[in-house]
1. Between A:LEU480 and A:THR246, what is the FRET efficiency for a Förster distance of 51 Å, r being their Cβ-Cβ separation, to the nearest 0.05?
2. Could you work out, residue by residue across B:63-72, how many beta carbons of other chains sit within 10 Å of that residue's beta carbon, and then give the average as an integer?
3. Across 10 Å bins from 0, what is the distribution of all Cα-Cα pair distances for the stretch A:439-503, in whole percents?
4. Out of the stretch A:162-203, which trypsin sites (Lys or Arg not before Pro) are coil in DSSP terms and have no more than 12 other C-beta atoms within 10 Å?
5. Once you keep just the Cα pairs under 8 angstrom separated by 6 or more residues, what percentage relative contact order results for the stretch B:2-76?
6. Given the alpha-carbon gyration tensor of the stretch A:178-274, what are the semi-axes of its equivalent ellipsoid in whole angstrom, ordered largest first, with each equal to the square root of 5 times an eigenvalue?
7. When you have a sec, figure out the Kirkwood radius of the stretch A:6-165 from all distinct Cα pair distances and drop it here in Å to one decimal?
8. Which order do the peptides A:586-597, A:428-439 come out in when sorted by mean C-beta neighbours inside 10 angstrom, highest first?
Amino acid sequence: MSKTPVIALAGNPNSGKTTLFNSLTGARQHVGNYPGVTVEKKEGIYSADGVRIRIVDLPGTYSLTAYSLEEVVTRDFVVNEKPDLVIDIVDASNLERNLYLAVQFLELGAPLCIALNMVDVAEARGIEIDMDRLSRHLGVPVVPTVARTGRGKRALMETAVKAMAHKGQAPLRISYGDDLDGAISEMEKEILKNAFLTQTYPPRWIALKYLENDQQILSKGRAAHPEVSKHLEQQVRKVSDHLMATTGNAPEALIADQRYGYIYSILKQGVVVHKKARDRLYHSDRIDKVLTHRVVGPLVMVLVIFGLYHFTFTYSKTPIAWVEYLFAWIQDMVQAFMPEGMLKSLVISGVIDGVGGVLSFVPLLLMMFFGIAVLEDSGYLARIAFMLDRVFSLFGLHGSSVMAYIVSGGIAGGCAVPGVMATRTLRSPKERLATLLTAPFMNCGAKLPVFALLIAAFFKENESVFMFAITLVAWAGALLVAKLLRVTVIRGAPTPFVMELPPYRWPMLKGLLIHTWERTWQYIKKAGTVILAISILLWAMMSFPRLPEDRGTSPGFEKKAASTSEPLPFQEDPSPSGQALPEARRAQRALRHSIAGRIGVALEGISRLAGFDWRVNIALIGGFAAKEVVVSTLGTAYSLGETDVQDSTPLSEKLAESPGWRPLTALSLLIFTMFYAPCFITVISISREAGSWKWGAFSILFNTTFAFLLAAALFQIGSWLGY
Amino acid sequence: MRRILMRQMKDNQSGTIVNIKANGELGRRIRDMGLVPGTPIKIQGRAPLYDPVALKVLNFTLTLRNREADFIVVEVDE
């Protein structure tokens, strides 16, 4: 069996590349990551007329520099994997800029075919393109397409199959002006003579990359052939000094200018005719007059963001309830039919709670990804970034960071898991990392029961003021910590905000659905396994070692005891609390006796600084599973038996009259809960999105330290002031 | 004909790029988007907080922060 041929799809963002990919491959797609980086790798199979072709959707890029991961991934794929053909999707209504990428593929010697996409838009704009002429000048086939309707798809693939047959295209040679051409040909000779990286790259291309100061090629060259590399760098320095002195620009700049010059010279030779004035307003510009208007723009934005939020969190409630209901039912079944013992407890509290925890997020994620995909595909997300960038760039973030913050609970009640995953729309790596590390400070829906408990116990008169203040504190904390991170661990100049505002378009349902499902499935698949393991670990920490009297009893007695008592803090049971006091006390003692309990007791020495006793410590450890567990664990630790997370009145009354508690303690715990380690589902999402477990670990350690310092400072200063 | 920095351009003002004073990543990003000497541009507007700036280049709309627009020299009619 012969190898399935491979076609790579490349092109500018917003050129219709993904739409074409979806149209070619249908739903037969596979999403992974390029090795070692967080850039998505999408693959699918095209099959028609007896041909089967593997299609790889490369990231959307404007150029092929070494400055961004997307670009490095794209050119590495073309160079290393040697696809049989690269189809460059070129937006016909933006020919100049789109051909800039095509020219770079040609210089790299990649076998190329151009899909001239959105020819309908170009026609409507009065742009006439002579495709034969364009094809002759570039020396590659050019096929007109309209990806949204599927027009030209067949012709494109027929041409592609033909083009794959005759390989071995010579790299394009552009003239870069006298100064550069001289240097390039000298360097080329030296490169050829020493076979310097020539098994991988065309010699002239290597010379160009040296002149462009391309860090990836420079470091490869230095590693492979230090002497030759040194000599080449000397040559570059010579021509660079000369150019800086005469033109004030580095060779890199002149190379880019000349590439555009080359494109313009082709287009001028009768390839493009503009039949209408170029500077007239398009529909999109008219919409922007309203949607980015100084006053109307922000108002509409607030409505849109609020709408997305409402859509996501309101409409996902019912399906989430179904999932939870399903798992409650499974739990009941296990409860009824499984023999008593530790295994049963493991299945109920470790496995079912764990898997249920993972799956109960799914409706939320589906809605959120769908909503964000609509905003992204319609072009509105770029406008949000445009309008808010001024504020966010002050804190070292990007205008697009706002989505992650809002979804995480910037409007109280969100969830950090989809919030962290929403940072994918951010293409500036440092800003993205700072965003996803600080988004969990926002007040997600799981923190709210904790806040409600504390406010009800100590600040009942000022409830609404407190809820509002909590939101402000979370925003201030997130933004300031982002700034702190951007001047310390994620230091570095801001990524240039050179961003395209794509024309408004109606999103395509098929694209939205594929995108939404793909993201959600990735979460289920990858996060699911780890979350299950950690859920079991947390269960074990709060259950072992068991109380001596439980361990020493005969199986028969244990069965009787277990059936009447409530052995585990995680277990859901709507029975009224405070009713069965002896069992509740026993549960408290069992909890204190467990690993988590011992850690809680051991930490009391330090945690006293923030006003927390061992009970609070255990509750906070439990909160690592999910923040609302703080409430139920606190209930167990105060011997109240099972505490309903939604209605914690008995617990708040108990706290209010406990001698160890005063308003300052509650305030301290409130601040700590807001800022300490995210729940582990979020931590796993952070690790996945940041591409390293290091950042997941960082978020646990850093956030907890930060939260503790804040809480302790608050408690100490407050105590000193006599509160 | 007058040469000014892009930051100083008013809304709806047109001009032609004469020079990009940035090198390195910023210079490259600006040029990669087609902002090279000789390209006509038109300021489309500014964000509600006056930064970034949106401009029409060729057939599309591009945004830049003001501090990035400071590197772009434009020739305007007047």
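1. 0.60
2. Per residue, the number of nearby Cβ atoms from other chains is 4 on average.
3. Here the calculated profile for the stretch A:439-503 is 18, 32, 24, 18, 9, 0.
4. Loop-located and lightly packed - A:LYS167.
5. Relative contact order for the stretch B:2-76 comes out at 46 percent.
6. 27, 17, 11
7. 15.6 Å
8. Answer by packing, highest mean first, reads A:428-439, A:586-597.
Where a number appears in this text, it was derived from the coordinates with a stated rule and is not lab data. Small disclaimer: the values here were computed from a predicted structure and weren't measured. Heads up, the Cβs are rebuilt from the backbone with ideal geometry, glycines too, and the neighbour counts pull from every protein chain shown.
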